[in-house]
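What follows is a single structure, written as structure tokens, with notes after it.
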Amino acid sequence: MAPMYIVMLGPPGAGKGTQAKKIAQNLDLVHVSTGDLFRENLKNETDLGKLAQQYMNKGELVPDDVTVRMVEERLSRPDCELGAVLDGFPRTPEQAEALGDLLEKLGGEVKVVPYIKVPDEDLVERLSGRWMSPSGRVYHEKFNPPKVKWIDDVDGSELYQREDDKPETVRHRIEVYNQQTAPLIDYYRSQEVLVEIDGTKPIEEVTDDIMKAIEEA
Ligand code: AP5
């Protein structure tokens, strides 16, 4: 069976990570988040992590060549044999072209691009109220609170807030998204794989809408 790739598209805080985890679990695919991969490198103090940190803390994109190499390496691993749910990649037209070339080599293609739409004014509230578990689970103090304050429901670890979720950095990330990533909406629309998803609905309803879009594709 040819591998299947799903690309989650949307601004910072739209819910790409929240949904990508659920979709990957439902379809038994691997969740590949470039943000998580950079943060893992940062935690392990690798050279890649140190480089990425300079960009991430400012809300800028990590250079394309570095990012593409990291994704190529990740998607070539055996656990991605059936495909992957890509979260946060591609983020520039150059990355999208590189992904197309890579998937051709791997014998697959982008099947669906759920584009999660959320108005800018909601994004700052979502990100400033976001709490993360070291294992990558995502909570929100109002919309998706943990059972016990600031403790991960599953493994009991302490939750933390991301360095780049400060309101001024969030606003810059949204600008960067509008300038560099939003052109991908038309790119994937012209390939007839883009599906618009209303990201203002409750989390479970958004998941149902994305699953329906994938089944229809
Ligand atoms: P990355 O980690 O990818 O961040 P992002 O794209 O800015 O997206 P977020 O993770 O902030 O938001 P999300 O859409 O996943 O929302 P979430 O599900 O958490 O990238 C970080 C940095 O790494 C970049 O700035 C860049 O420097 C670098 N980087 C990464 N990829 C790169 C690339 N390809 N090229 C270059 N550089 C790259 O949800 C947000 C909050 O809302 C949560 O609290 C959640 O609980 C809540 N929520 C989710 N859904 C709903 C809902 N339906 N209703 C109410 N609340 C909801």
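Brief remarks on what is shown
- For the pair LYS212 and LYS105, label points projected 7 Å from Cα toward Cβ lie 3.9 nm apart.
- Environment charge at ASP164 (Cβ cut-off 14 Å; Lys +1, Arg +1, Asp -1, Glu -1): +2
- Only beta bridges with both residues in the chain are counted; by DSSP, about 25 percent of them are antiparallel.
- Partner lysines whose Cα lies under 17 Å from the Cα of LYS117, excluding those fewer than 8 positions away in the same chain, are identified as LYS16, LYS201, LYS212.
- If R0 equals 22 Å, the separation of the Cβ atoms of GLU205 and VAL154 corresponds to a calculated FRET efficiency of about 0.45.
- Heavy atoms of the protein chains alone define the surface here; on that basis the chain has 52 Å² accessible area per residue at 1.4 Å probe size.
- About its Cα centre, the dipole of the chain is roughly 500 debye, where the only charges are +1 on Lys and Arg Cβ and -1 on Asp and Glu Cβ.
- Compared with the alpha-carbon gap, the fully stretched path from GLU175 to ARG77 is longer by 31.9 nm at 0.36 nm per residue.
- Estimated vicinal HN-Hα couplings, Hz - the range 19-29 in sequence order (Karplus 6.51, -1.76, 1.60; Gly, Pro = x): 6, 4, 4, 5, 5, 4, 5, 4, 9, 6, 10
- Between the C-alpha center of the range 184-217 and that of the range 98-150 there is a gap of 13 Å.
- The candidates SER133, SER128, arranged from most to least accessible area with a 1.4 Å probe in the full protein assembly, appear as SER128, SER133.
- Of all aspartates and glutamates in the structure, the ones whose alpha carbon falls short of 18 Å from that of LYS149, not counting any fewer than 8 places away in one chain, are GLU141, GLU158.
- Karplus-based coupling profile of the range 91-101, in residue order and whole Hz: 10, 9, x, 5, 5, 5, 5, 4, 5, x, 5, with θ = phi - 60° in 6.51 cos²θ - 1.76 cosθ + 1.60 and x standing for Gly or Pro.
- Under Karplus coefficients 6.51, -1.76 and 1.60, residue-wise ³J(HN,Hα) of the range 203-210 in Hz, glycine/proline x: 3, 5, 5, 5, 4, 4, 5, 5
- Positive-pole candidate from VAL124, LEU75, PRO11, dipole of the chain, charges at beta carbon: VAL124
- Residues whose amide H lies under 5 Å from that of MET4, counting only those 5 or more places away or on a different chain, are GLY83, ALA84; hydrogens are built 1.01 Å from N in the peptide plane.
The values are calculated or read from the model by the stated rules, or taken from the named source; none is laboratory data. Just so you know, these numbers come straight off a predicted model, no measurement behind them. Using ideal geometry, Cβ is built from the backbone for each residue, glycine included, and neighbour counts are taken over all protein chains shown. SASA here: full protein model, heavy atoms, side chains in, ligands and nucleic acids out. Shrake-Rupley method; radii C 1.70, N 1.55, O 1.52, S 1.80 Å.
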